[in-house]
1. Calculate one ³J(HN,Hα) per residue across the stretch 123-133 by plugging θ = phi - 60° into the Karplus curve 6.51 cos²θ - 1.76 cosθ + 1.60, and present them in order as whole Hz with x for glycine and proline.
2. If we count other beta carbons within 10 Å of each Cβ, what is the order of Lys122, Lys47, fewest first?
3. Just the ratio, please: alpha-carbon radius of gyration of the chain over 2.2 N^0.38 Å, N its number of residues.
4. By counting other Cβ atoms within 10 Å of each Cβ, how are Val67, Val58, Val85, Val7 ranked from fewest to most?
5. What does the net charge come to around Phe121 if you take all other residues with beta carbon closer than 12 Å to its beta carbon, with K and R at +1 and D and E at -1?
6. Which residue, Ala22, Ala12, Ala68, has the most motion in a Gaussian network model of the chain that connects Cα atoms within less than 10 Å?
7. Among the aspartates and glutamates, which have Cα under 19 Å from the Cα of Lys45 when same-chain residues fewer than 8 positions away are ignored?
8. In what sequence do Ile107, Ile28, Ile62 fall when counting other Cβ within 10 Å, fewest first?
Amino acid sequence: MQGRGQVQVLAALLLLAITVSAWLIVWIWFYPQYWSTYTNLQNEKLKGEQRLSERLVVENIIFNSSVASLYVTNTGSIEVKVVAVYVDNVLTWEGEVGLLVDSSSWINVTLSPVSGRTYVFKLVSSRGNSWEVRARAP
């Protein structure tokens, strides 16, 4: 009779060891995937918050015979990098102008303006935001 009780205890301990081992194998497989997904979500959240913090104001547009000069100010709470300017949905300038918070800069766009015509200028940031402004050539 004494041997039978020991077998049940050993069987219970063996079942416990198998269960713990199976759980560890599943955890070792699952945790890196969970952590990777978690960090990706946190990075996307941060990028989204940064996109929402961008603000640009085109304060002035000066038309010359072959150039339109845009005076742009960063009114947001994060640095903005302007990487492209479209005029009437045509890419006319590509580069990189970094604007710190509360700073301004001129961006010169090649354009032969027609007097009295309204142009749509679209500025695009490195984070994918865009701002449009309409201006009539004198």
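1. 9, 10, 9, 5, 8, x, 6, 9, 10, 10, 9
2. Final ranking by Cβ density, sparse to dense: Lys47, Lys122.
3. Relative to the rule-of-thumb radius for its length, the chain sits at 2.14.
4. Result, fewest neighbours first: Val7, Val67, Val58, Val85.
5. On the way: positive: Lys122, Arg134, Arg136; negative: Asp88, Glu132.
Residues close to Phe121 contribute a combined charge of +1.
6. The residue with the greatest mean-square fluctuation here is Ala12.
7. Partners within reach: Glu54, Glu79.
8. On the way: Ile107 19, Ile28 9, Ile62 13.
Least crowded to most crowded, the residues run Ile28, Ile62, Ile107.
Quick note: the coordinates plus some simple rules give every number you see, no bench work behind them. For clarity, every value in this text was computed on a predicted model and none was experimentally measured. Backbone-built Cβ (ideal geometry, glycine too); neighbour counts: all protein chains shown.
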